[in-house]
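Please read the structure below before turning to the comments.
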Amino acid sequence: MSLSRRTLLLSAASAVTLLPAMARGQPAPQDAAANEGAAASAAVERHGLSFFGDLRYPAGFTHFDYVDPDAPKGGPFSQMGRATFYNQSLNTFDTLNPYNQRGNGAQGIELIYDTLMTAAGDEKSAMYGRLASSVVIADEGLTYRFKLRPQARFHDGTPVTADDVVATFEAFKADAYETIRMALRDLTAVEADGPGEVVMRFRPGRARDVPLTAAGLPIFSRAFLAKHPFNQSSLEVPLGSGPYRVKKFEQGRFIEYERVPDYWGRDLPVMKGRFNFDTVRYEYFRDRVAGLEGFKARAYLFREEFTAREWATAYDFPAVREGRVKVETLPDNSFSGVQGWFFNTRRPKFFDRRVREAIGILFDFDWTRKNLMYDSYTRTVSFFQNSEMMAQGLPSPAELKLLEPFRDRLPEEVFGEPYVPPVSDGSGEDRNLRRQALALLKDAGWNVQQGKLVDAKGEAFTIEFLDDDGGMERHTARFIGHLKKVGIDATFRIVDPAQFQLRLQGFDFDMVVRRYSFAPYPGDELRAYFSTEAARTRGSYNVAGIADPAVDGLINAALAAPDAAALVVACQALDRVLRAGRYWIPQWYSGQHRIAYWNQFARPATKPRYDLGALDTWWSTGTEPARGG
């Protein structure tokens, strides 16, 4: 799993942006900075940033609308991790640095850091000052001058200065996780102008959201970096400046953070009413089933459930019936996420789109939903599911204008209704779909001989589904059964998290399940997921290996969109092309957060529209820790 830029920006002190990547050698966005144009020319001092210049909160606002500014402080919060970013795993950790490509980073480490600006949970793209009190945009959006707050302090009492910001970006540019480095490639310089001001310079033609990405990255201590190489795995506790610091941990089992009582930023408008727990703890289990048993035993206090079977059958234990555990659903207004089995199209057997489509047809979602998932999910069909950016019906004139330059290299279906996976008869033995799949495979040069699907050379078709967790094993096993009926020798393999990370980063797999999310306004993450450059970059999020000039061109159109309407059109056109590519077998989504927690929490009446809000805006009504610690 992976976090969206929004989720990361909202998460605690950090706000690491997901992705990045400005594809060299491709048409650059023509006017990515156009939306800051007015402010740029006037060099206005601003208290916030956004994609298109709109800000919900005026200068001088006191707190976000979705928090209780008087929320009490205290008590514990503990959970099993819900998502990952960069080198993290949900099952273990062996380093406290998730920002490089070594090891498995600890969950929650972003809590110890501050960022220059912080995202609002009820806006699509806005960020407001945190370490930076303001920013001045100049040179037509190519220069950003951040003014730092003089009261900002690291946990050892030393001030956070412009030199620390410069050192942070030097580390990121040189040794960070590849997607961070890609994100920052159009950040050409970070300079200190005295201790209190930082100047960031960007390359002409930069993607629209690069300044926001930079403003959302954690800021490290220059002194700490000087003694601890950033490119190494390490379990030495880093020095941060955020609302929490590491209290204790046991490698691979748990990590616990404690609230910094004299945190310098506690009364900032972007922090008021947030991060209210005295301790925050992440528990690790070998898989989510074991984790559920741990929750029932009160080894931790909060859980979000992602498995339909467990949600339907496992939450009727005594503590629920007695009211000691609360079980709820909350609306999820964000993108549903891109979840599915991804083909590794770098491998020759997946080169042919017909092969990929045939394999996709053999996944019987309708049977799976009814028999394994309690009818609790809706089929995902789009890369932008649950949003206005999902392509529907015939292309609009505005979409056609973007698609026409690539017509000679696109399937004709792109100019018709967007591709939707077929619906089965629900029997689990839909022979019509099987015949369709076999016909596609035959057209692609694969035939069944003695029960095996082979090519012209007699080579058998094999697929290994790679995972580091057994959560998808039941679904995949049924799918594998259908693949075997057309002669495909498919297997499901679970490896340890370290090996999984290495194989994922090196694209050493046939098929793998991933889930990605977008910000409400997708930005440079589009390049990291879908661009040709990302396909060629080790460790990128483009696990499918999508390398298509039409996709690259439409990403550029999205990043150059002058307003929200144009961005929607570009993403709709991109969705049509991606769906026509059959790069993945889309799975499902629910549109809800399914949560359970021991009854010692309260929360504001208003949930942040684009985030769950748990941990960030909740507070404790009790002081009893989980039995785990």
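What to note about this one:
- Helix 564-581 axis versus longest C-alpha principal axis of the chain: approximately 30°, rounded to the nearest ten.
- Å² per residue, accessible surface of the chain at 1.4 Å: 36 Å²
- Inter-label distance, nm, simple model (7 Å from Cα along the C-beta direction), Asp316/Glu404: 6.0 nm
- Unit Cα scatterers, Debye sum, region 205-290: log10 I(q)/I(0) for q = 0.17, 0.18, 0.24, 0.25 Å⁻¹: -1.00, -1.06, -1.21, -1.23
- Rounded to the nearest 20 debye, the dipole size of the chain about its Cα centre is 1000 debye, using +1 on the Cβ of Lys and Arg and -1 on the Cβ of Asp and Glu.
- Helix-derived mean residue ellipticity, 222 nm - over the chain, DSSP H n ≥ 4, -39500 (n - 2.57), to 500: -7000 deg cm²/dmol
- If you take all other residues with their beta carbon under 13 Å from the beta carbon of Ala547, and give Lys and Arg +1 and Asp and Glu -1, the sum is +1.
- Dipole axis of the chain (+1 Lys, Arg; -1 Asp, Glu on Cβ), positive-most option in Ala605, Phe202, Gly426: Gly426
- Nearby lysines by direct alpha-carbon distance to Lys173 (threshold 21 angstrom, same-chain neighbours under 8 apart not counted): Lys227
- Average Cα contact separation per residue, the chain, under 8 Å, 6 or more apart, as relative contact order %: 23 percent
- 28 Å Cα-Cα threshold exceeded, pairs from Lys73/Lys607; Lys73/Lys326; Lys147/Lys272; Lys457/Lys485; Lys147/Lys247: Lys147/Lys247
- Positive minus negative residues near Gly340 (Lys, Arg vs Asp, Glu; Cβ under 9 Å): +2
- Global geometry of the chain, whether rounded, prolate or oblate, following the gyration tensor of its Cα atoms and the 1.5 cut on a/c: oblate
- Calculated on alpha-carbon atoms, Rg and Dmax of region 338-589 in Å: 18.0, 58
- Carbon-plus-sulfur accessible fraction, region 543-605 (probe radius 1.4 Å, protein heavy atoms only): 50%.
- Toward the positive end of the charge dipole of the chain, with +1 on the Cβ of Lys and Arg and -1 on the Cβ of Asp and Glu, the farthest Cα among Asn447, Thr476, Trp584 is that of Asn447.
- Eligible aspartates and glutamates near Lys452 by straight Cα distance, threshold 12 Å, same-chain separation 8 or greater: Asp489
- Ranking Pro243, Gly216, Ala226 by Cα position along the charge dipole of region 184-249, where only Lys, Arg, Asp and Glu carry charges on their C-beta atoms, puts Pro243 farthest toward the positive end.
The values are calculated or read from the model by the stated rules, or taken from the named source; none is laboratory data. All values derive from a computational prediction rather than experimental measurement. No Cβ is skipped: glycine too gets one built from the backbone with ideal geometry, and neighbour counts run over all protein chains shown. Note: areas computed on protein heavy atoms with side chains; ligands, DNA, RNA excluded. Shrake-Rupley method; radii C 1.70, N 1.55, O 1.52, S 1.80 Å.
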